[in-house]
Structures are given as structure tokens and as C-alpha cells.
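Chemist: Just dropping this structure here.
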Amino acid sequence: LTPESKFSDLGADSLDTVEIVMALEEEFKITVEEENAGNITTVQEAADLIERLAGVEGSAAEAVKS
């Protein structure tokens, strides 16, 4: 798993991606707008969105690396 890993390459379909976004919202106490959710295709894009929405530099990237 790398930041560049695509969720689709990891076997995730569109329903899985929705579930990933919902889990991220719950874990990081954020709300992802539907138009943003569709743009999340890689692990790095998810981390970047979490950082932007949560306003916490570094913590999302570190959580993804764990």
C-alpha cells in the first residue's frame, strides 16, 4: 500500500469507495461533500482531503502510513 495506490487497484468498487468515505468521515469527524467523494481515487487523495477538511497538518498522512 502506497500513497499512490488506487482504491480500484486494491479491489474496491464504487460501493466500497462510498464505505471508505463514510469510514473516513466517522474516524476523522469530517463531512465529505458528494462532489469531493467522487474525486477520491487514491490513498493520497484521501489523506489530502482529510488534512484539508480537518485542518490538521500531518495527522491524516501519518494515519494512512500506519
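Chemist: Tell me which of these Glu57 doesn't satisfy, since it passes every other one: (1) in a helix (DSSP H, G or I); (2) of a type in the set (Asp, Glu); (3) at pLDDT below 90; (4) in contact with a helix residue (DSSP H, G or I) (Cβ under 9 Å, 6 or more places away or on another chain).
Modeler: (1) is the only condition that Glu57 fails.
Chemist: Only one of these conditions is not met by Thr42: (1) modelled with pLDDT under 90; (2) of a type in the set (S, T, N, Q); (3) within 11 Å of the chain's Cα centre (by Cα). Which number is it?
Modeler: (1)
Chemist: Still on this model: Looking at (1) in a loop (DSSP other than H, G, I, E, B); (2) surrounded by 13 or more Cβ atoms within 10 Å (Cβ to Cβ); (3) modelled with pLDDT under 95, which one does Ile20 not meet, given that it meets all the others?
Modeler: Ile20 satisfies all of (1) in a loop (DSSP other than H, G, I, E, B); (2) surrounded by 13 or more Cβ atoms within 10 Å (Cβ to Cβ); (3) modelled with pLDDT under 95 except (1).
The values are calculated or read from the model by the stated rules, or taken from the named source; none is laboratory data. Note that this is a predicted model, so its numbers are computed, not measured. Note: ideal-geometry Cβ built from the backbone for every residue, glycine included; neighbour counts use all protein chains shown.
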